[in-house]
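Everything on this sheet refers to the single structure shown next.
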Amino acid sequence: MNRFFADTSVMAWRNLRRTLRLPEMVVFATIQPVMFVVLFRYVFGGAIDTGSTSYVNFLMAGIFVQTVAFGSFGTALGLVDDLQRGVVDRFRSLPMNHGAVVLGRIINDISINLISIIVMVIVGVIVGFRPTGSPLELLLGFGILVLVSFSFSWIGATIGLSLRTVEAVNSGGFLWMFPLTFVSSAFVPVDSMPGWLQGFAEYQPFTRMVDAVRALSLNQPAADHVIASVLWCLAIIAVFLPISMRQFRRAALRA
Amino acid sequence: MEHSRAELAVRARGVEMAFGETRALRGIDLDVPTGTVLGLLGPNGAGKTTAVRVLSTLLRPTAGEVEVAGIDVLREPAKVRERIGLIGQAAAVDEMLTGLENLTMFGRLHGMRKAAAKGRARELLTRFDLDDAADRIAKEYSGGMRRRLDIAAGIVVRPSVLFLDEPTTGLDPSSRLAVWEIVRELVADGTTVLLTTQYLDEADQLANDIVVIDHGTVIAHGTSDELKGQVGGGRVTITVEHAAQLDLLTGVVRAVAGAEPVVTAGELRVTAPFEGGARHLPELVRAIDDAGITLAGLELRPPTLDDVFVHLTGRSTEDADQEQGA
């Protein structure tokens, strides 16, 4: 177990150092959600009816959760890059804990997500976002985002280790995120969608996560959403952690 | 191959590896006595890399037994990983980390403490003449420097067995010599080395024993001299001016040399074993002249490992590569 922590910290250190040397990755990861904030706040926002809640207050939770979900793309890219360069082969030949290779990468991606979220909060406040939750609620909301980031990263890891080439990940590794993030409560109220779509939008995990963060940031009843989000995250981890580790072990098989 | 098990750093028996329908290895036996260098030779796609991956615990073979440093690779891969170093075809160092950071990281992943890992990293940088580049990121290194860093990363904990997969492919001649020197030093320190190569002179230079594989099976093994002995005396290589005369030349050479020549049509070249040596050369030249063939060149030379390869596979190494690339 000690070995696992030691290896994980070395791998996290390695990835964070890489990130610091390629700051443009972080900048791009942050610019995109900033554009979403501006686009939705000023272009689409006026046409979207969110009742008594101002649109920008409604929007920001969706942006936060979308940002961390898209962050899992970085996990996929980072791992497939290591795979293609033969770095994964070398790690696999070392007497180290192999789970640490993936976890070290995920810790890096969560760190990037945290930076993005802080930038998002600042941008949000500039364009009129006024969270009303208590400090404890806001902290819990932050915690939910970290958990979402962590669980989605295992999906990213599975994708990266399964697709095996940077090109494949670049062209297809993020497609699944579009229906998940847009057919949800992230940008519009679900009840504005046609009935047949509402069924999916209402019950899919992304909506619950957005609802949890939204309720916590706006001082609304949040308990159900929080519990549902945590359960969804645990379920995602339970499925994708073992699959990604299996893909890691098999990584050399078809290469 | 009469070594007791205890003297063998690598012992493989009947190793098979299938990827779906493709049988990359079809029953390979290997013995590498401790402290020696085995050269695994073969064209691209022969199964060299697959063999190295199996021996270094990355791939679980479909069948067979493998022991490395006396440990069963299938039963205790984790223990084997403590005793080996693997240097793959791609220089698998982190391009965005400096030389010092890379080596320190690999030391730590071997379980060394930070200070010890850093000390060892400094030592290796000095030994591999990378002191000046210690604090530069590996991305800025030349191919030869990156390869040296890569090898250094593979020997951070002084492995008992080192696997080198085509260590000099793509390197310039002076970097190649530097890598050869490093391998010789490691062997002098007691490390057992298994290296794959497409360069026959590399195997000739470094290896005590050579195993030639093709299509996933061992087609020959022995020392360089033993293998050359198998192809007999000298070789005669003849080139012609006109492609149209190639068939005629082949017939003449077959008749005089008494052996089946190998024709490399693209280079208008015919090569054949020539047991008789220089004394019989005039006879060959006369026969060629009588047939009205215009010679472009003629050479008589001792056999090389290339000849061994042609003799064993019926193809030259270049042909085998092209076949793979097609």
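When a footprinting reagent is the concern and you count Cβ atoms within 10 Å, what order do A:TRP232, B:TRP180, A:TRP154 take, fewest first?
On the way: A:TRP232 20, B:TRP180 15, A:TRP154 25.
With the sparsest Cβ surroundings first, the list reads B:TRP180, A:TRP232, A:TRP154.
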Handout entry: C-alpha center-to-center spacing [segment A:140-197, segment A:233-251] in angstrom
Key = 16 Å
Practice task
For segment B:27-67, just run the numbers: alpha carbon Rg, then divide by 2.2 N^0.38 Å, N being how many residues it has.
Solution key: 1.19
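By how many nm would the segment from B:ALA78 to B:GLU7 lengthen if fully extended, with 0.36 nm per residue of separation less the alpha-carbon distance?
Values: separation 71, 0.36 × 71 = 25.56 nm, distance 2.17 nm.
Extra length from B:ALA78 to B:GLU7 when fully extended: 23.4 nm.
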Practice task
Enumerate lysine pairs in chain B that are 8 or more residues apart or on different chains, then count those whose Cα atoms are under 27 Å apart.
Solution key: 6
Problem - Residue among B:VAL240, B:VAL218, B:VAL37 with the largest mean-square fluctuation in a Gaussian network model of chain B, springs linking Cα atoms under 10 Å - result: B:VAL240
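Counting other C-beta atoms within 10 Å, which of B:VAL93, B:VAL183 has the fewest, and how do the rest follow? Don't skip to the end; give the middle numbers.
Numbers: B:VAL93 28, B:VAL183 23.
Ascending Cβ contact count within 10 Å gives the list B:VAL183, B:VAL93.
Using a Förster radius of 25 Å, what is the FRET efficiency between A:ARG130 and A:PHE182 based on their Cβ-Cβ separation? Nearest 0.05, please. Working shown, then result.
Numbers: r = 25 Å, r/R0 = 1.00.
About 0.50, to the nearest 0.05.
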Handout entry: For segment B:52-103 versus segment B:111-137, the gap between their alpha-carbon centres in whole angstrom
Key = 21 Å
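Calculate for the protein assembly as shown the 222 nm mean residue ellipticity that helices alone would give, adding -39,500 (n - 2.57) per DSSP H run of length 4 or more and normalising by residue count, nearest 500 deg cm²/dmol.
Details: 23 runs with 311 residues, N = 581.
Theoretical 222 nm ellipticity from helices: -17000 deg cm²/dmol.
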Handout entry: 0 to 90° range, to nearest 10: angle between helix B:143-154 axis and chain B longest Cα axis
Key = 50 degrees
Exercise for the section: Mind telling me which of A:PHE44, A:PHE174, A:PHE129 comes out most flexible in a GNM of chain A, alpha-carbon contacts under 10 Å? Expected result: A:PHE44
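Normalise the Cα radius of gyration of chain B by 2.2 N^0.38 Å (N = residues in it) and let me know the number. Don't skip to the end; give the middle numbers.
Details: Rg = 22.9 Å, N = 326, 2.2 N^0.38 = 19.8 Å.
That ratio works out to 1.16.
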Handout entry: Computed over segment A:66-213, Cα set: Rg, Dmax in Å
Key = 17.5, 55
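Which shape class applies to segment B:38-184: rounded if a/c is under 1.5, otherwise prolate when a/b exceeds b/c and oblate if not, where a ≥ b ≥ c are the square roots of the Cα gyration tensor eigenvalues? Could you put the intermediate results ahead of the total?
Numbers: a/c = 2.19, a/b = 1.33, b/c = 1.65.
Oblate.
Under 8 Å for C-alpha pairs, at least 6 residues apart: give me the relative contact order for chain B, rounded to a whole percent. Write out the running numbers ahead of the final one.
On the way: 613 pairs, mean separation 61.6, N = 326.
Result for chain B is 19 percent.
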Handout entry: 5 angstrom amide H check on B:ALA220, placed H, neighbours 5+ away
Key = B:VAL212
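Per residue, how big is the convex hull of the protein assembly as shown when only Cα atoms are used? Give it in Å³.
Numbers: hull volume 115.1 nm³, N = 581.
So the per-residue Cα hull volume is 198 Å³.
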Handout entry: Cα long-axis angle, helix B:173-188 against chain B (0 to 90 degrees, to the nearest 10)
Key = 60 degrees
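Under the Kirkwood approximation applied to all pairs of distinct alpha-carbon atoms, what is the hydrodynamic radius of segment B:98-168 in Å?
Roughly 12.1 Å, rounded to one decimal.
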Problem - Rh by Kirkwood over Cα pairs, then Stokes-Einstein D for segment A:2-249 at 1.002 mPa s and 20 °C, µm²/s - result: 115 µm²/s
Exercise for the section: Would you pull out the residues with amide H under 5 Å of B:ARG269's amide H, same chain only if 5 or more places away, H placed 1.01 Å from N? Expected result: B:THR264
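Rounded to the nearest 20 debye, what is the charge dipole size of segment B:5-227 about its Cα centre when +1 sits on each Lys and Arg Cβ and -1 on each Asp and Glu Cβ? Display every interim value, and only then the final one.
Details: 27 positive and 33 negative charges, 203 e Å.
In total the dipole reaches around 980 debye.
Taking the alpha carbon gyration tensor of segment B:233-302, what are the square roots of 5 times its eigenvalues, largest first, to the nearest whole Å?
Working: eigenvalues 58, 33, 21 Å².
Taking √(5λ) for each Cα gyration eigenvalue gives 17, 13, 10 Å.
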Exercise for the section: Neighbouring Cβ atoms within 10 Å as the yardstick, rank B:THR50, A:THR165, B:THR34, A:THR19 fewest first. Expected result: A:THR165, B:THR34, A:THR19, B:THR50
Practice task
Could you state the angle between the C-alpha long axis of helix B:281-290 and the longest principal axis of the C-alpha atoms of chain B, as a value from 0 to 90 degrees rounded to the nearest 10?
Solution key: 60 degrees
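Between B:HIS242 and B:ARG60, what FRET efficiency comes out of the Förster formula 1/(1 + (r/R0)^6) with R0 = 41 Å and r the beta carbon distance, rounded to 0.05?
Values: r = 55 Å, r/R0 = 1.33.
Rounded to the nearest 0.05, the efficiency is 0.15.
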Handout entry: Alpha-carbon centroids, segment A:28-80 and segment B:2-21: separation in whole Å
Key = 56 Å
Practice task
Hydropathy first: keep DSSP H helices in chain A averaging at least 0.0 on Kyte-Doolittle, then drop any whose Cα extent along the axis falls short of 15 Å, and list what survives.
Solution key: A:23-38, A:55-84, A:99-126, A:135-163, A:205-217, A:223-249
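Taking the convex hull of the Cα atoms, report for segment B:41-111 its projected area averaged over all directions, in nm².
Over every viewing direction, the Cα hull of segment B:41-111 projects on average to 6.2 nm².
Rule-based calculations on the coordinates, nothing more; no lab input. Quantities reported herein were computed from a predicted structural model and do not represent experimental measurements. Here Cβ is always computed from backbone atoms with ideal geometry, including for glycine, and neighbour counts include all displayed protein chains.
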